[in-house]
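One structure is given below, encoded as structure tokens.
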Amino acid sequence: MCLIAAPALAAVLPPDRADLLYHRYQGGGITVQGPSILVQKKIGDHFSVGANYYQDMISSASIDVLLSASPYREKRTQKSVSAEYLHGKTTYSAGFINSVEPDYKANTSYYSVSQDMFGDLTTVTMSYRRGWDRIFRDIKQNGFIINDPTFQQRADHRVYGLSLSQILTRNLISTFDYELSTDQGYLASPYRQIRFLDPNNPVGYTLANQIYPGTRTSDAFSVELKYYVPYRAALTGKYRFFTDSWGIVAHTFQVDYVQPIRHHWTLDGNVRYYRQGAATFYSDLFPYAGYSNFMARDRELAAFHSITLGVEASYAFSIPHLTWIQKSTATLSFDRMMISYLDYRDALFSKFDPGAIRAGQEPLYTLDASVFQAYVSLWF
Amino acid sequence: MRNRIATTALLAAILALALPAWAAADSAADSVAPAPAPGFTLQSTSGQQVSLAQFKGDVVMINFWASWCGPCRQEMPLLQSIYAKYKDMGFTLIGVNVEPDAKTANAWLKATPVSYPVLYDPQSKVSQLYQVQAMPTTVIIDRTGTVRFVHRGYLPGDENAYLNSIRALIVQ
Amino acid sequence: MRIVSLILAVALFASVTACAPIEPWVKPYEREHLADAIMALNRNPVSSTYLDHVFESREGARGATGGVGGGCGCN
């Protein structure tokens with residue numbers, strides 16, 4: 001350990017800002033919308049604190065809800081606070097997130113340390129995140145939706161992160177990010193079910209409960225390159241590799257281009273390609289009841305690929321009389337997500353029209369979703 | 001068990017990483033071994049060629065800055081008040097802007113003007129000459145043309161360090 | 001054990017190299033492009049956090065989405 005180091009210089013805290021966002025997701029029969037408010041403020045010269053208030057308001061019913069006719073409720077509220085402390089070239093952060101919805105309560109705490117080195121060309125960050133979840137199940141009773149008193153589960157999560165950002169040239173920065181996640185407890189959804197072939201059933205299949213493993217460990221590793229294009233634009237390329245103990249292997253490719261135009265406008269275009277292989281215990285249609293010790297039909301564990309195209313336009317404006325606001329922008333962003341499942345079928349076809357289509361022959365499910373964001377950002 | 005080992009290793013690594021920074025952070029001092037200040041000539045914002053040699057006999061404070069550097073912008077109004085206070089006592093302040101393109105620097109100076117000379121160093125010749133290792137960097141040269149103090153970076157309160165150095169050299 | 005050895009290796013490397021500093025090949029006064037707002041690793045945290053959440057709820061993969069660093073390197 002070298003205690004006689006080079007002259008210690010300092011890094012900088014995040015800028016003071018406030019963001020007010022409206023988000024809206026629409027696809028697969030559901031609409032989720034709500035606000036997200038974020039404030040970041042320096043206190044003195046060494047501290048910066050942040051707070052976020054976020055809500056999801058859910059309406060309509062997804063394919064899973066329609067298939068199993070399970071009740072659903074509408075609102076998730078998430079509140080988080082964070083603090084950063086800067087000493088020399090080291091930044092220490094800690095934060096806490098609380099998420100509440102009628103059937104899922106989650107608390108997360110996280111800590112990280114960031115160190116600038118090699119003349120501020122390199123930043124190494126180590127992080128730890130710990131989550132405690134309590135899972136309930138909604139049932140209908142006397143016309144009301146309440147938590148099933150016989151169903152109360154827990155899930156614990158731990159995430160270890162190590163990342164390195166390295167400036168390569170005056171115009172190029174690279175980032176390497178690794179995260180190891182471990183989960184244990186109840187990791188399934190209380191509402192989703194598997195189906196198995198059942199010739200005795202008019203629809204051709206029978207629904208049954210999912211059985212999930214009680215643990216999950218995953219590795220994710222990503223590489224990112226960001227390049228400053230000489231005429232003033234930024235081009236970013238990113239790749240992530242994911243693998244876990246459930247047998248899922250996923251690749252994510254992303255390209256992003258930011259183009260400022262004159263004094264006020266900034267445009268952004270991005271393309272994301274995602275490809276995932278199914279979990280070992282996943283099947284759209286099991287051959288018979290009790291086929292294996294773990295069985296799931298969650299489409300998040302299926303084999304699929306997706307392409308997301310996004311555009312964003314941001315306008316910088318000044319607010320007269322409010323001189324303490326250094327910069328303000330208004331942004332609109334739109335993303336179109338197109339998912340094609342390779343082994344998840346639209347079981348509603350056989351449910352609502354029994355006999356017409358055989359179980360296991362239904363068309364593969366596709367999901368097209370639109371994500372819309374509108375937000376105002378102020379820097380002060 | 002695996003989680004516990006990983007957490008302990010993480011904490012130990014954080015300490016290993018941060019300890020040297022903690023140890024060194026408190027010992028940063030401004031005094032340097034005296035060395036002759038390298039001479040230079042640069043164009044100023046008023047279009048004139050200004051050289052360091054013109055100020056021999058004065059205590060000279062050179063401040064290397066850029067408009068894209070937050071702490072630099074934060075510090076400049078304080079430098080302006082230091083200049084106003086000491087300029088009649090044989091003290092001068094020179095701002096050296098390190099940007100290859102002067103456009104944003106000029107726009108910022110228009111909004112936040114200073115009365116001390118600001119010179120352009122678009123090819124980083126003087127930055128290299130003075131081995132600038134941080135942004136901003138402030139170099140204080142005594143009346144004999146010898147570099148006596150170098151201050152790297154800027155945190156609110158550092159202006160007191162500047163004042164101490166200037167007062168020590170002004171009386172010589 | 002992977003993550004443990006990786007963390008310890010990085011920390012050891014960092015503390016050893018603090019004794020023999022490598023000269024930065026991008027000087028502090030050459031960082032105007034890297035300090036540009038469009039080159040920030042996370043330009044709009046409120047929006048990127050939301051999008052990460054949208055993808056994570058529909059996909060099996062999670063993690064390794066962020067980075068800290070770059071910027072002006074001031075102070």
Only Lys, Arg, Asp and Glu count, each charged at its Cβ (+1, +1, -1, -1), so figure out the dipole size of the stretch A:83-379 about its Cα centre, rounded to 20 debye.
280 debye
Two-site label geometry, B:Ala168 and B:Arg143: point separation in nm, points 7 Å out along Cα→Cβ
1.7 nm
Which of A:Leu197, A:Leu38, A:Leu121 moves most in a GNM of chain A, Cα contacts under 10 Å?
A:Leu121
Mark the label point 7 Å from the Cα of A:Thr243 along Cα→Cβ and return the residues of the stretch C:43-61 whose backbone N is within less than 19 Å of it.
C:60-61
Simple SL model, points at 7 angstrom along Cα→Cβ for A:His46 and A:Asp156; separation in nm is 3.4 nm
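Give me the Kirkwood hydrodynamic radius of the stretch A:301-342 in Å, from all C-alpha pairs, to one decimal place? Intermediate values should be presented prior to the final figure.
Details: mean 1/r = 0.0738 Å⁻¹.
Taking every pair of different Cα atoms in the stretch A:301-342, averaging 1/r and inverting gives 13.6 Å.
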Dimensionless Rg/Rh of the stretch A:150-192, both radii on Cα and Rh by Kirkwood, sits at 1.35
Most fluctuating of A:Ile194, A:Ile139, A:Ile37 in the GNM of chain A (C-alpha, under 10 Å) is A:Ile139
In a GNM of chain A with a 10 Å cut-off on Cα contacts, which of A:Val12, A:Val311, A:Val81 has the highest mean-square fluctuation?
A:Val12
Which residues qualify? For A:Gly28, with a placed amide H closer than 5 Å and at least 5 residues away or on another chain, they are A:Asp368
Figure the gain on full extension for A:Phe176 and A:Tyr288 (residue separation times 0.36 nm, minus the Cα-Cα span) and round it to one decimal in nm.
35.9 nm
About its Cα centre, what dipole magnitude does the stretch B:44-117 give when the only charges are +1 on Lys and Arg Cβ and -1 on Asp and Glu Cβ, stated in debye to the nearest 20?
100 debye
Hey, what does the equivalent ellipsoid look like for the stretch A:134-222, semi-axes from the Cα gyration tensor as sqrt of 5 times each eigenvalue, largest first, whole Å?
42, 19, 13
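Using the 2.2 N^0.38 Å rule of thumb for compact globular proteins, work out how the stretch A:185-278 stacks up: its C-alpha Rg over that value, please. Show your work: numbers first, answer last.
Numbers: Rg = 22.0 Å, N = 94, 2.2 N^0.38 = 12.4 Å.
Here the answer is 1.78, to two decimals.
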Exposure proxy order (Cβ contacts within 10 Å, fewest to most) of A:Asp120, A:Asp284
A:Asp284, A:Asp120
Which one, B:Ala35, B:Val96, B:Gln49, is farthest towards the positive end of the dipole of the stretch B:29-170 when Lys and Arg carry +1 and Asp and Glu -1 on their Cβ?
B:Gln49
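To one decimal place, what Kirkwood hydrodynamic radius in Å is obtained for chain A from all pairs of distinct Cα atoms? Before the final figure, lay out the partial values.
On the way: mean 1/r = 0.0418 Å⁻¹.
After inverting the mean inverse Cα-Cα distance, the result is 23.9 Å.
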Using the Cα centre of the stretch A:83-379 as origin and beta-carbon charges of +1 (Lys, Arg) and -1 (Asp, Glu), tell me which of A:Thr150, A:Phe242, A:Ala316 is placed farthest towards the positive end of the dipole.
A:Ala316
What does the extension gain come out to for A:Ile307 and A:Val229, with contour length at 0.36 nm per residue minus their alpha carbon separation?
25.5 nm
Provide the convex hull volume over Cα atoms per residue for the stretch B:22-113, in Å³.
152 Å³
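Under unit Cβ charges (Lys, Arg +1; Asp, Glu -1), what dipole magnitude, rounded to 20 debye, does the protein assembly as shown have relative to its Cα centre? Write out the running numbers ahead of the final one.
Values: 54 positive and 52 negative charges, 67 e Å.
It works out to roughly 320 debye.
Given the rule -39500 (n - 2.57) for each run of at least 4 DSSP H residues, summed and divided by the residues of chain A, what is its mean residue ellipticity at 222 nm, to the nearest 500 deg cm²/dmol? All intermediate terms of the calculation are to be shown ahead of the outcome.
On the way: 2 runs with 11 residues, N = 380.
Per the formula, -500 deg cm²/dmol.
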Could you give the spread of the C-alpha atoms of the stretch A:232-276 along their three principal axes, from largest to smallest, in whole angstroms?
50, 12, 11
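If a/c stays under 1.5 just call it rounded; otherwise compare a/b with b/c (prolate if a/b is bigger, oblate if not). Do that for the stretch B:29-170, with a ≥ b ≥ c from the square roots of the Cα gyration tensor eigenvalues. Write down the numbers at each step before the final one.
Working: a/c = 1.36, a/b = 1.23, b/c = 1.11.
Here the stretch B:29-170 falls in the rounded category.
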Do the alpha carbons of any pairs in A:Lys42/A:Lys89; A:Lys75/A:Lys140; B:Lys85/B:Lys110; A:Lys42/B:Lys87 sit beyond 25 Å of each other, and which pairs?
A:Lys42/B:Lys87
Going residue by residue through the stretch A:134-139, the Karplus relation 6.51 cos²θ - 1.76 cosθ + 1.60 with θ = phi - 60° gives ³J(HN,Hα) values, rounded to whole Hz and with x marking Gly or Pro, of 10, 10, 10, 9, 7, 9
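Values quoted throughout were computed directly from the atomic coordinates according to the rules given, and no laboratory measurement underlies them. Computed from a predicted structure; not experimentally measured. Backbone-built Cβ (ideal geometry, glycine too); neighbour counts: all protein chains shown.
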